[in-house]
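Here is the structure we will look at.
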Amino acid sequence: MGIHDGHRERMRQRYDQMGADGFHDHEMLEMLLSCALPRVDTNPIAHELLHVYGSLHGICHAPRESLQKIPGIGPNAATLLRLIPGLCRMYYSEQETHVILNNPEKCAAYLIPRFIGRTVETVFLICTDSKHRLLSCILLATGNLNSAAVSSRSVVEIALRFNAAHVILAHNHPNGVALPSEEDLHTTDRLFNALAGVTVRLVDHIIVADNDYVSMADSGYFSMNTSYYP
């Protein structure tokens, strides 16, 4: 038995009894790192990571090369840390049975986890039926830090493919605030008109920045001045 095994076993037992709520950030990080570094005392490494990057969010978004400059962090540990945002997105994407998206709050709760760890502007298109039941959530486009091109033709084709009655557009502002730009307003108008031509309604355009969001329909940004939420 290694010198750290007793401590780790006590932490595992504590986690089994209390879950993550019973742990500080550095303790959760210490446990995670022990999976990649089974023979190393990961407590000081966890503290150093939090000192350098400020938060778990900062750690998981740090470049691999930067992480590996931290003493004790090798390729395996760096990869493990960088897997977390993608794993979170995959976890949340599986919780999609019987989803009803009939107000901005539900849309935001559904969408925000899908932007975890995304460092460039990313666009999703949600298709729903006439009762606002989720039909699909499609990754429509990715761009650079500040923009992502959205094709009207692609949006219309996806809506028709899933026989959607309504669609919801969503994208993130990775390093900004959840407020629409002039380009966002123009894109919304363009897609609204394109979808109206095939009798599909653009219900909303949700903009996400970290855990914040703006519903353009709910906030009066739609130049159409019409919301199709129930």
Considering every residue within the stretch 52-59, establish whether at least one is more than 22 Å from the chain's Cα centre (by Cα) and small (Gly, Ala, Ser).
-> no
Criterion: in the same structural domain as His24 (by TED's automatic domain parsing), farther than 20 Å from His173 by Cβ, of a type in the set (A, V, I, L, M) and part of a helix (DSSP H, G or I) - qualifying residue of Ile73, Ile45 = Ile45
Filter pass, Glu96 being among the acidic types (Asp, Glu) and either modelled with pLDDT of 90 or more or closer than 28 Å to Ile138 by Cα (or both) = yes
Of the residues Arg133, Arg118, which single one is among the basic types (Lys, Arg) and at pLDDT 90 or above?
-> Arg133
Across the stretch 150-193, what is the total count of residues that are surrounded by 18 or more Cβ atoms within 10 Å (Cβ to Cβ), touching a helix residue (DSSP H, G or I) at 6+ places or on another chain (Cβ under 8 Å) and part of a helix (DSSP H, G or I)?
-> 3
Inside the stretch 53-110, can you point out the residues that are in contact (Cβ under 8 Å) with a residue 40 or more places away in the chain and within 28 Å of His132 (Cβ to Cβ)?
-> Ser93, Glu96, Leu101, Asn102, Asn103, Pro104, Cys107, Ala108
Can you work out which of the residues in the stretch 13-38 that are surrounded by 10 or more Cβ atoms within 10 Å (Cβ to Cβ) and not in a helix (DSSP H, G or I) is modelled with the lowest pLDDT?
-> Phe23
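The values are calculated or read from the model by the stated rules, or taken from the named source; none is laboratory data. Remember, predicted model here, so these are calculated numbers, not experimental data. For neighbour counting, all protein chains shown are included, and Cβ atoms are generated from backbone atoms with ideal geometry for every residue, glycine included.
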